[in-house]
1. Here's a check for you: in segment B:27-38, which residue that is touching a strand residue (DSSP E or B) at 6+ places or on another chain (Cβ under 9 Å) and hydrophobic (A, V, I, L, M, F, W, C) is nearest to the other protein chains (Cβ to nearest Cβ)?
2. Just to be sure I understand, how many residues within segment A:23-53 are among the polar types (S, T, N, Q) and either in a loop (DSSP other than H, G, I, E, B) or within 14 Å of A:TYR64 (Cβ to Cβ) (or both)?
3. Given the residues B:ASN61, B:ASN41, which is the only one that is within 11 Å of chain A (Cβ to nearest Cβ) and within 18 Å of A:TYR103 (Cβ to Cβ)?
4. Quick one: in segment B:75-105, which of the residues that are touching an Asp or Glu at 6+ places or on another chain (Cβ under 9 Å) and facing another protein chain (nearest Cβ under 10 Å) is modelled with the lowest pLDDT?
5. Can you tell me which residue among B:THR5, B:THR72 is among the β-branched types (Val, Ile, Thr), under 17 Å from B:VAL93 (Cβ atoms) and within 12 Å of chain A (Cβ to nearest Cβ)?
6. If you check A:VAL88, A:VAL60, which single one turns out to be buried (at least 16 other Cβ atoms within 10 Å of the Cβ), within 15 Å of the chain's Cα centre (by Cα) and in a loop (DSSP other than H, G, I, E, B)?
7. Among strands (runs of 3 or more DSSP E) lying entirely in segment B:40-112, which contain 2 or more residues that are without any contact (Cβ under 8 Å) to a residue 40 or more places away in the chain?
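The values are calculated or read from the model by the stated rules, or taken from the named source; none is laboratory data. Keep in mind the model is a prediction, meaning the values are calculated, not measured. Positions of Cβ are generated from backbone atoms using ideal geometry, with glycine treated the same way; all protein chains shown enter the neighbour counts.
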Amino acid sequence: NAGVTQTPKFQVLKTGQSMTLQCAQDMNHEYMSWYRQDPGMGLRLIHYSVGAGITDQGEVPNGYNVSRSTTEDFPLRLLSAAPSQTSVYFCASRETGSTDTQYFGPGTRLTVL
Amino acid sequence: AQSVTQLGSHVSVSEGALVLLRCNYSSSVPPYLFWYVQYPNQGLQLLLKYTTGATLVKGINGFEAEFKKSETSFHLTKPSAHMSDAAEYFCAVGGATNKLIFGTGTLLAVQP
């Protein structure tokens, strides 16, 4: 199993550009989520999904869109990038239960100029 | 709502010394508590978790944590630090919703 994979690893955008961060998992997990990590702020939940076709907002959803058309994939879209979105983004997945271990991808480091 | 507070953003210990990383939580329902570790330029991996049952939880790499409901704490300990333990450690709480809420992290440095 590859686990949770994310592409790209690094990305530089200009303000106003759009892009999609890709996330895929091969563990047949129903639950997937996106976090951003910023110095001194830990990990903050952006959006999550409890299954194909179902998504919901986390703590910091503004400026981001998600969709879940398959169990395996959970892309994160930045509609119009802003410097405040410069961060490291992590995708994670787990089985459905809240006690289940969450598995993280290696992260995407995004810089918005 | 649930929240986590990690006391001390930076902790430095000598190799062989006790490691103690503090975590306090707030939860209106019985919490599920997790400790994750992040090595430089990597994702997070689970160290240990508490769901129900025994309040002393043992994890990987010699770490353990004790759930103390009366103190709303879930501190992480290791009797003897190793250089390879240098990393950032995150406490997290879940259980009330489908969301896992993380603390702000503690960066552990191990001095030779």
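1. Start the filter on segment B:27-38 by keeping residues that are touching a strand residue (DSSP E or B) at 6+ places or on another chain (Cβ under 9 Å), which leaves B:27, B:31-38.
Now drop any that are not hydrophobic (A, V, I, L, M, F, W, C), which leaves B:33-35, B:37.
On the way: B:LEU33: 10, B:PHE34: 8, B:TRP35: 12, B:VAL37: 11 Å.
If we take residues in segment B:27-38 being touching a strand residue (DSSP E or B) at 6+ places or on another chain (Cβ under 9 Å) and hydrophobic (A, V, I, L, M, F, W, C), then B:PHE34 is nearest to the other protein chains (Cβ to nearest Cβ).
2. Taking segment A:23-53 as the starting set, the residues that turn out to be among the polar types (S, T, N, Q) are A:25, A:28, A:33, A:37, A:49.
With either in a loop (DSSP other than H, G, I, E, B) or within 14 Å of A:TYR64 (Cβ to Cβ) (or both) added as a condition, the list becomes A:28, A:33, A:49.
The number of residues fulfilling the criteria is 3.
3. On the way: B:ASN61 fails: within 11 Å of chain A (Cβ to nearest Cβ).
One residue alone meets the criteria, B:ASN41.
4. B:ASN98
5. Values: B:THR72 fails: within 12 Å of chain A (Cβ to nearest Cβ).
Unique residue meeting the criteria: B:THR5.
6. Details: A:VAL88 fails: in a loop (DSSP other than H, G, I, E, B).
Step by step, each of A:VAL88, A:VAL60 is checked, and only A:VAL60 is buried (at least 16 other Cβ atoms within 10 Å of the Cβ), within 15 Å of the chain's Cα centre (by Cα) and in a loop (DSSP other than H, G, I, E, B).
7. Values: elements: B:44-50, B:56-58, B:64-68, B:73-78, B:87-94, B:106-111.
The qualifying strands (runs of 3 or more DSSP E) are B:44-50, B:56-58, B:64-68.
Yes/no per residue for (1) within 12 Å of chain B (Cβ to nearest Cβ); (2) in contact (Cβ under 8 Å) with a residue 40 or more places away in the chain; (3) of a type in the set (Asp, Glu):
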{"position": "A:GLY16", "(1), (2), (3)": "no, yes, no"}
{"position": "A:MET19", "(1), (2), (3)": "no, yes, no"}
{"position": "A:CYS23", "(1), (2), (3)": "yes, yes, no"}
{"position": "A:TYR31", "(1), (2), (3)": "yes, yes, no"}
{"position": "A:MET41", "(1), (2), (3)": "yes, no, no"}
